[in-house]
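Okay, so here's the structure we're looking at.
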């Protein structure tokens, strides 16, 4: 039993064909079970249908994916990687890749990612997010930036053009807010967390010219942060009920159930909003880049090789093979066929004719346009989750009215940031 | 023969004590040990810093708030659970037939059988301001959504209701069964003396049940200290930090936010000392 997750044996390089027309370049001799700790993704669930294919490819290995929601996944991966390390593959993201890489909890991906799986085919923005200190650490499963998604029917009825500037956006949200008719102007994220409320607040902060640090000195406690927070709180007056302590799920749920006029969210929202199985507004939506001067929140999630559970080179090779297969072009085409828009990361797939046929040229154009304003909004440091989560709590207090002093909150964060930097030295 | 008999308790106790020592003592001693260090998850080595973690706790507003929240939670859930349990238990004993008692007992046992995380998700959805079945009547009547879990003044009480729903109903069944075991003579004597129903329970039945009720209170006090999963799923300690209990804050510091396991351990050690002292004090007072 103890050996269940132990990966044995070595990699034999050879070309092989499996599953009819599906081509995989490397055949290996792995055994045991590759344990993966991830958060729920349709693409990963789909992978589980093709376990036999991976078993053939790997020479007999199986894989088991444990799922936890985003915040819990972050806590559990951190606890596991820093202690016993029982997972061979971790689901990591832009916010914690620096911490995991600098702590030695991951193995550099490209040493073990089979070359034939063509890492260079991934969207360049996502490759950038997966890179820390000059090395690539994960293969993307999802990623992108932000899009402004709106209800065309509601905007047309109110005689409003899709906003291009933040002022126009705020005015439109106010005008479209009709709680008596069950329609709310927007939906934001209020739930504490560097990947929750802070993630949605940062485009305002960066858009107003804010910076986190100058070297090791915190410089965020200024006008940009105050103005960003004021604007965020102003918009919250028109945000759907439940979003004050809700995250992505609540905001997206409110929109796809037809109760929100417009919102700015991460790009996977479009795929969900267009999916008639889960969206009541699939035929009514339009999308555009975020209004000026907001930056898009560039992000990327993916699979990385755990350093502790994979004790030898052979085990790392097997974990690398699993990641290569899981993120391969073939598997991504399967996700496209299933309509899993948010699970697409490869340039070759997103520029394919099938993609254009399924989603139309307008979405491709919107994604290309939003790519121009997509930026890394967070502080790229191993200490970012600590700082971001602390600001998340203060921001949630401001949103729910537990505190009202924006500058006081930022000053408190400033003191915390100084302690944080001192602790890290 | 005598020696063998006197050895018997040792033979039975040793394995249990050994397991307890490994499972409880080792982590406790380790927690105390690292609470004097500055260890973080990302840094495997740590240095001794004496009482710095403990001193820092008393200027940490989240820690001080967590003490307040934990105390409020403890008092609220224990008191409400016992009031509901005694009230419902007496009501069943007085008003329900034997068959109905059995049926309702089965029904009242169900919430506590439900896994806490599942219960938390079900109730969280029930309290949702847009889709929740509990909040729907308010929205239908006033036209305004009711967001109890986002309101700092109602969030803790709302989560406490779920805790009381699970444990109050379960304890009501226990109180009912306790009442059924009491001899009928004191009740008959009180009725002959023209005691009113409430007087029978206040002055006869409940004093006879003092010992088991105190035990129930202790069980609930310990159980309430372990309400992490319920609060975590329903509010994650929010809005802001208004439902952040000590165990939740320690977990946040140790694993969610900072990875400051030494700092988190110092909180755990203080919690252990405070609860041991408080429980010993209450236990001794309750026995008098």
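Laboratory data are not the source of any read-out in this text; all were calculated from the coordinates shown. Keep in mind it's a predicted model, so treat the numbers as computed, not measured. Quick reminder, even Gly has a Cβ in these numbers, built from the backbone with ideal geometry, and neighbours come from all protein chains shown.
What the table shows:
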quantity	calculated
Residue-span extension gain [residue B:33 to residue B:60] - 0.36 nm each, minus C-alpha spacing	7.6 nm
Average other protein chain Cβ within 10 Å of Cβ, residues A:239-250	5
Test item: B:236-248 mean partner chain Cβ contacts at 10 Å	5
Chain A: angle of helix A:313-326 to the longest principal axis, Cα-based, in degrees nearest 10	50
Residue B:25 paired with residue A:64, simple spin-label distance in nm, labels 7 Å along Cα-to-beta-carbon	3.3
Globularity ratio of segment A:347-388, using Cα Rg and 2.2 N^0.38 Å	1.74
Crossing angle, helix A:353-373 versus chain A [Cα axis fit, 0-90 degrees, rounded to tens]	60
Shielding by partners, peptide A:75-81 (average Cβ within 10 angstrom, other chains)	4
Simple label model, 7 Å out from Cα along Cβ direction - residue B:219 to residue A:338, nm	4.6
Centre separation in Å (Cα based) which lies between segment A:399-425 and segment A:90-132	31
Theoretical gain in end-to-end length, residue B:110 to residue B:284 [0.36 nm per residue, Cα-Cα removed]	59.3 nm
Packing-based order for A:231-237, A:419-425, using average beta carbon neighbours within 10 Å, highest first	A:231-237, A:419-425
Neighbour-count ranking [beta-carbon atoms within 10 angstrom, fewest first] of A:338, A:412	A:338, A:412
Highest-first arrangement of A:119-128, A:387-396, A:175-184, B:263-272, where packing means the average Cβ count within 10 Å	A:387-396, B:263-272, A:119-128, A:175-184
Tail beyond 36 Å, pair distance distribution of chain B (Cα, percent)	34
Principal axis dimensions, largest first and in whole angstrom, of segment A:215-263 by Cα	44, 20, 17
Principal-axis tilt of helix A:70-82 within chain A, Cα atoms, nearest 10 degrees	40
Whole-angstrom gap from segment B:189-257 to segment A:141-198, using each part's C-alpha centre	43
Separation in nanometres of the label points that stand 7 Å from Cα toward Cβ, at residue A:167 and residue B:144	3.3
Potential extension, residue B:83-residue B:5 segment - 0.36 nm per residue separation minus Cα distance	23.5 nm
Sorted peptide list for B:87-98, A:296-307, criterion being average Cβ within 10 angstrom, highest first	A:296-307, B:87-98
